[in-house]
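Novice: Handing you this structure, nothing more for now.
What follows is calculated from the coordinates using simple rules that are stated; it is not laboratory data. Everything quoted here is computed from the prediction, not taken from an experiment. Using ideal geometry, Cβ is built from the backbone for each residue, glycine included, and neighbour counts are taken over all protein chains shown.
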Amino acid sequence: MDLGEGLRKAIARLTNATIIDAKTIREFNKELQKTLLGADVEVQLVFALTSKIEEKALRSKPPKGVSQRDYITNIVYEELTTLMGKAYVPELRSKRILLAGLYGSGKTTTAAKLAKFYQDRGLSAGLICCDVSRPAAYQQLETLAKQANVSFFGIEGEKNAAKIAKEGLKALKDKKVIICDTSGRSALDHELVGELIDVNKAFSPDEKMLVVSADMGQVAGRQAREFGKAIGITGVILTKSDGSAKGGGALSAASAANANVLFLGTGEKLVDLRPFDPAKYVENLLGVPDIEALTETVKKAVEESGMKQEDVEVEELNFDTFYTQLKAMGKMGPLKNLFGMVGAVDVPKDMVEHGEERLKRFHSIISSMTKEERKNERLLHDPNRILRIAKGSGTSEREVREMLSEFNKMKKLFNTFKNDRSFKKRFSGMIK
């Protein structure tokens, strides 16, 4: 059970209780403690949180017009939000950012995501590879820099990380945001500490961010303290936050380093990085829809796929227009993330995986159609065409026919909505 699922079940028991008294609240707190400790949130933080919830719930009364059930649920929400720290609003100014972290934390990918984040907001960005210990670190960061369309500097084969940092500052002096990626280890050792201190002096960063994987667990807090002693951490970037049961350990790391979580890595793509907002983070854990995030995801997907507004506003559904929509969906990331944005966080994993497999199969089948077949699905009543498409897409004739059947159902539904003026009016109002 992940952190979000545990929180949702605990709160559901509280809100479904017939009577909410001191006993009910204490039982809820025990359930909450169990969930948070299971997600590797540090013990001190857990007991401080539940103590505040119990004190507020038992010693204060709901405002007029608010039920006790809603009042206590709101107390839980507010205290969870406080536990997560403060919202981060990145300053769009010239800066140097030093990234630190252990092996497997996603540090190098995060460096590229961060550079793209600032460059997309009008600040030219550059990356310096000071990871001199991991094989192929230079090549990986160079490739990611090209994908992010940002500048890159490194000295392949050089083992003096501080020297690379100094040379990198000269080479990228015209860039507004310079990000330095450092070496990681499987554990924090004296060699890494010494190297970090030297790079920190040579690079003279404005911000020092610790990259922590959400699946790191309890060790995250200890590592944060050690990195903090070595160079002084100013913030934490939480990666792999889209699917871990142990995310509490990474959140505890921020507390251990006396720093806030600054960014969340929410997926594998370079655009999957967003400033941390504790209220939205808690809402996501509790299954509250995030329409703003969904709208932004759709907008980026449309831009990346090269679609125009008229491509999105489909007047006629055929395989050609359907294929265009599938391409845009492919840019929106995993289905699990999309379900989370609309509040459907408890969709079974096997159902999500099955849905993704079907979308990939649909994509392959339509790719094997001719232009005429995409425009006019009636041509596909011909068994010879179905056989050719099946062979071309690596699927079976049965799978092609199943897709045709499902597509026809979608088309009927589409035409029903298209011709229903009252529905269109309601839908338009909802979107606004």
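Novice: For region 95-285, just list the percent of Cα-Cα distances falling in each 10 Å bin from zero outward, please.
Specialist: Going from the shortest bin to the longest, the percentages are 10, 41, 37, 11, 1.
Novice: Per residue, how much space in cubic angstrom lies within the convex hull of the C-alpha atoms of region 3-83? Let's see the in-between values first.
Specialist: Numbers: hull volume 6.7 nm³, N = 81.
Hull volume over Cα atoms, normalised by residue count, gives 83 Å³.
Novice: Can you tell me the order of 17-30, 138-151 when each peptide is scored by its average per-residue count of other Cβ atoms within 10 angstrom, highest first?
Specialist: Working: 17-30: 14.1, 138-151: 17.9.
Most protected by this proxy first, the peptides run 138-151, 17-30.
Novice: What is the set of long-range amide H partners of THR266 at a cut-off below 5 Å, with H atoms built 1.01 Å from backbone N?
Specialist: LEU273, ARG274
Novice: Can I ask one more? Each residue of region 33-44 in turn: what ³J(HN,Hα) in whole Hz from Karplus with 6.51, -1.76, 1.60 and θ = phi - 60°, glycine and Pro shown as x?
Specialist: So the Karplus estimates, Gly and Pro as x, are 4, 4, 5, 5, 5, x, 8, 6, 6, 4, 4, 4 Hz.
Novice: Determine the principal axes of the Cα atoms in region 44-132, then give the extent along each, sorted from largest to smallest and rounded to whole angstroms.
Specialist: Computed over the Cα atoms, the extents are 57, 31, 17 Å.
Novice: With a ≥ b ≥ c taken as the square roots of the eigenvalues of the C-alpha gyration tensor of region 119-168, please select rounded if a/c is under 1.5 and otherwise prolate if a/b is larger than b/c or oblate if it is not?
Specialist: Oblate, since a/c reaches 1.5 and b/c is not below a/b.
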